[in-house]
Amino acid sequence: MRYPLIALTLAISTLFGMAPAAEAQVSFGVNIGIAPGINIGINVPAYPRLVRVPGYPVYYDPRADSNYFFYDGLYWVFQGDDWYSSTWYNGPWSLTDRGYVPLFVLRVPVRYYRQPPQYFRNWRPDSPPRWNERWGHEWEQERAGWDRWDRSKSPKAAPLPSYQRNYSGERYPRAERQQHELRSRNYRYQPREEVTRQHYQQERQQQQQRQHEQRQKQLRQQEQQQRQQRQQQDRSRGDSRGDQQRNQRGKQAPAAVQQREQAQQHRKGPEGKRVAPRGKEATKKALEEEKDRK
């Protein structure tokens, strides 16, 4: 498969700041050959007018200025020798490996390509493009019988996701999460093709991952709130102990003042005179008085 080479080329271009022709921003792929999240430079401002390709379970837009189709629950665009698909009419688009493009998309006759490449011009308009000539023998071996089928046993066309008519302009959901939620509520079709099922599975996995991340975020927020509450309670208890200590000191202060006053009163005599000093000072004074008497 050439998809790993495509992914590697896009990754290297992104790393060194080079913009590929499709302005791809590819970070990963899945095993069906899908590289998601690509801007292919087309703009579909409103829900397209899709018309059934006669004899095929495929729709196309006769007014489009691109090779634009709908099949099995996905929109398909052929551009720059590659196929892109999306669950919504204006993307974002996913690059799909040539080995996984649905056969009925490849079988659409040349005349329904509104912007056919130059090499289509010598091919019959009522026949499918000669992909085997364009993509080589290896691809033809992988998709053997792609241009042969029993037309009387073609599958029914998938119902159109007409709910998307209500979303255009500023209302168009750009976020893949919102696209997935809207499609899950409004479009119950179960696809036949593996590539379409893989698209839907990838969306479910991304949705589950987002839900898991949201739950983890909520748990972290709850833990932070609980931590803040505990800290607040600890501060409240600390403030309460501080108030008690201040109150206790306030009660002790008058008693200390009273004790100091009593001590000062004791040092003064009963008439307010200072009492004779005691200790070493009293002995020294007595010796001086004895010396004066002599």
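A search for C-beta distances below 7 Å between a residue of segment 104-118 that is farther than 13 Å from D147 by Cβ and any residue that is among the polar types (S, T, N, Q), counting only pairs 6+ apart in sequence or on different chains, returns Y113/N67; R114/S66; R114/N67; Q115/S66; Q115/N67. Of note, P57 satisfies the criterion of being closer than 26 Å to Y119 by Cα, open to solvent by less than 10 Å² (accessible area, probe 1.4 Å) and part of a loop (DSSP other than H, G, I, E, B).
Restricting attention to segment 83-103, the residues being over 29 Å from Y167 (Cα atoms) and either at pLDDT 95 or above or surrounded by fewer than 18 Cβ atoms within 10 Å (Cβ to Cβ) (or both) number 2. Would segment 69-78 turn up any residue that is at negative phi, surrounded by fewer than 21 Cβ atoms within 10 Å (Cβ to Cβ) and not β-branched (V, I, T)? Checking segment 69-78: not a single residue is at negative phi, surrounded by fewer than 21 Cβ atoms within 10 Å (Cβ to Cβ) and not β-branched (V, I, T). Residue-level check: of (1) assigned to a helix (DSSP H, G or I); (2) at pLDDT 80 or above; (3) open to solvent by 90 Å² or more (accessible area, probe 1.4 Å); (4) under 30 Å from V105 (Cβ atoms), R188 misses just (1).
Taking segment 104-136 as the range and being assigned to a helix (DSSP H, G or I) and open to solvent by 50 Å² or more (accessible area, probe 1.4 Å) as the test, the residues that pass are R111, Q118, Y119, E133, R134. Applying the criterion of being of a type in the set (A, V, I, L, M, F, W, C) and in contact with a Ser or Thr (Cβ under 8 Å, 6 or more places away or on another chain) to the residues of segment 41-54, the residue that is least open to solvent (accessible area, probe 1.4 Å) is I42. Taking the listed residues R134, R130, R63, the one that is within 20 Å of V44 (Cα to Cα), basic (K, R) and more than 29 Å from the chain's Cα centre (by Cα) is R63, with no other qualifying.
The values are calculated or read from the model by the stated rules, or taken from the named source; none is laboratory data. This one's a predicted model, so the numbers in the text were calculated from it and none came from an experiment. Note: ideal-geometry Cβ built from the backbone for every residue, glycine included; neighbour counts use all protein chains shown. For accessibility, only protein heavy atoms count, side chains too; no ligands or nucleic acids. Shrake-Rupley method; radii C 1.70, N 1.55, O 1.52, S 1.80 Å.
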